[in-house]
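Asks: The following block contains the structure, expressed as structure tokens.
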Amino acid sequence: MRISARADYAVRAALQLAASRDDEPLKAEAIADAQAIPHKFLESILNDMRRGGLVLSQRGGNGGYRLARPADSISIADVIRVVDGPLVSVRGVRPPELSYSGPAESLLPLWIALRSNVREILDGVSLADVASARLPAGVSALTEAPDAWVNP
């Protein structure tokens with residue numbers, strides 16, 4: 001599975017906003033600097049997140065961005081969907097819209113199972129979980145498998 005740079009930057013920006021202690025909005029430049037994200041790219045991402053209802057923007061000298069909802073009510077999946085669309089697709093098509101025949105027929109249930117597991121993890125982890133370094137136990141357990149950190 002591949003996580004796009006856009007999705008990675010969006011999640012990191014949302015985490016920076018989640019970690020903000022005060023109610024003051026954060027400027028895009030401050031988020032970009034803190035997370036080493038190209039500023040222009042971040043502006044585009046933040047606009048998508050604003051249109052998607054995840055962040056609020058405020059203009060002016062004290063302007064910037066802040067989360068539209070509490071960090072514990074925004075999942076990592078919410079952020080990825082807003083900037084990249086569906087979590088799992090095959091050639092840009094959602095698995096239920098696919099059909100296969102012959103020996104590839106059982107490939108569809110495999111893609112559906114993959115989507116189900118990706119959803120379970122990403123929908124089950126909030127910005128607050130990651131920002132506080134307290135991942136759900138089930139997710140933490142997956143990282144403890146001996147081969148979890150090794151690339152095949």
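Nothing in this text is a laboratory measurement; each read-out follows from the coordinates by a stated rule. Since the model is a prediction, treat every value here as computed from it, not as a measurement. Here the Cβ positions follow ideal geometry from the backbone for every residue, glycine too, while neighbour counts run over all protein chains shown.
Asks: With the cut-off at 1.5 for a/c, could you classify segment 33-82 from its C-alpha gyration tensor as rounded, prolate or oblate?
Replies: oblate
Asks: For the chain, which longest stretch is free of loop sites, where a loop site is one of the GluC sites (Glu not before Pro) that DSSP puts outside H, G, I, E and B and that has at most 16 other Cβ atoms within 10 Å?
Replies: 1-104
Asks: Label-point separation (nm) for Tyr100 and Asp8, each offset 7 Å from Cα along Cα-to-Cβ?
Replies: Result for the modelled spin labels: 2.8 nm.
Asks: Okay, next question. So how much slack lies between Glu144 and Ala19, counting 0.36 nm per residue of separation and subtracting their Cα-Cα distance, in nm?
Replies: 42.4 nm
Asks: Let me ask you something else. Which whole-number percent gives the relative contact order of the chain, counting Cα pairs below 8 Å spaced six or more residues apart?
Replies: Rounded, it is 24 percent for the chain.
Asks: If you bin every alpha carbon distance in the chain into 10 Å steps from zero, what whole percent lands in each bin?
Replies: P(r) for the chain, in whole percents per bin: 10, 35, 31, 17, 6, 1, 0.
Asks: If you don't mind, there's one more thing I want to ask. Taking only Cα atoms, what is the 0 to 90° angle, nearest 10, from helix 39-51's long axis to the longest principal axis of the chain?
Replies: That helix lies at roughly 80 degrees to the long axis.
Asks: Now a separate question. Students often check this: by mean Cβ neighbours within 10 Å, which of 82-89, 16-23 ranks highest, and how do the rest follow?
Replies: Values: 82-89: 16.6, 16-23: 14.6.
Descending mean neighbour count gives 82-89, 16-23.
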